[in-house]
Amino acid sequence: MANTASAKKATRKIARRTEINKARVSRVRTFLRKVEEAIASGDKQAAADAFKVAQPELMRAAGHGVLHRNTASRKISRLAARVKTIA
């Protein structure tokens with residue numbers, strides 16, 4: 001348990017940031033799931049639209065430090081390739 005006032009404040013800040021980051025990760029996963037579902041259904045237009053919305057969301061998460069920027073770029077690259085291959 002934290003003893004000093006600064007340590008107590010730090011635990012409060014960490015808890016607050018953790019909640020915000022959890023919400024951001026959840027939001028990113030939702031957008032990724034929408035793209036995955038569109039790809040699975042084989043609808044190229046829906047997949048392209050979902051990808052277009054998911055891409056800035058991934059980069060926003062990377063900008064806030066929720067995801068590493070290379071991880072976000074890798075996910076975007078792989079999703080783009082999969083959307084492109086839909087017949």
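The values are calculated or read from the model by the stated rules, or taken from the named source; none is laboratory data. Computed from a predicted structure; not experimentally measured. Each accessible area value is taken on the protein alone, full model and side chains, heavy atoms only, with ligands, DNA and RNA left out. Shrake-Rupley method; radii C 1.70, N 1.55, O 1.52, S 1.80 Å.
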In Hz, Karplus ³J(HN,Hα) per residue of the stretch 80-87 (6.51, -1.76, 1.60; θ = phi - 60°; x = Gly, Pro): 4, 5, 6, 5, 5, 7, 5, 6
Matching label, Cα Rg over 2.2 N^0.38 Å computed from the structure shown, candidates (i) 1.18; (ii) 1.45; (iii) 0.98: (ii)
Using alpha-carbon coordinates, inclination of helix 5-41 to the longest axis of the chain, degrees: 10
Over the chain: helical MRE at 222 nm, DSSP H runs n ≥ 4 each giving -39500 (n - 2.57), nearest 500: -29500 deg cm²/dmol
For the stretch 52-61, Karplus couplings with θ = phi - 60° (6.51, -1.76, 1.60), whole Hz, Gly/Pro x: 4, 7, 6, 4, x, 5, 5, 5, 5, 4
Relative contact order %, the chain, counting alpha carbon pairs below 8 Å whose residues are six or more apart: 27
Per residue, in Å², the accessible surface of the stretch 1-72 once ligands and nucleic acids are set aside, probe 1.4 Å: 71
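Within the accessible area of the chain, what % is carbon and sulfur when the probe is 1.4 Å and the other protein chains stay in place?
54
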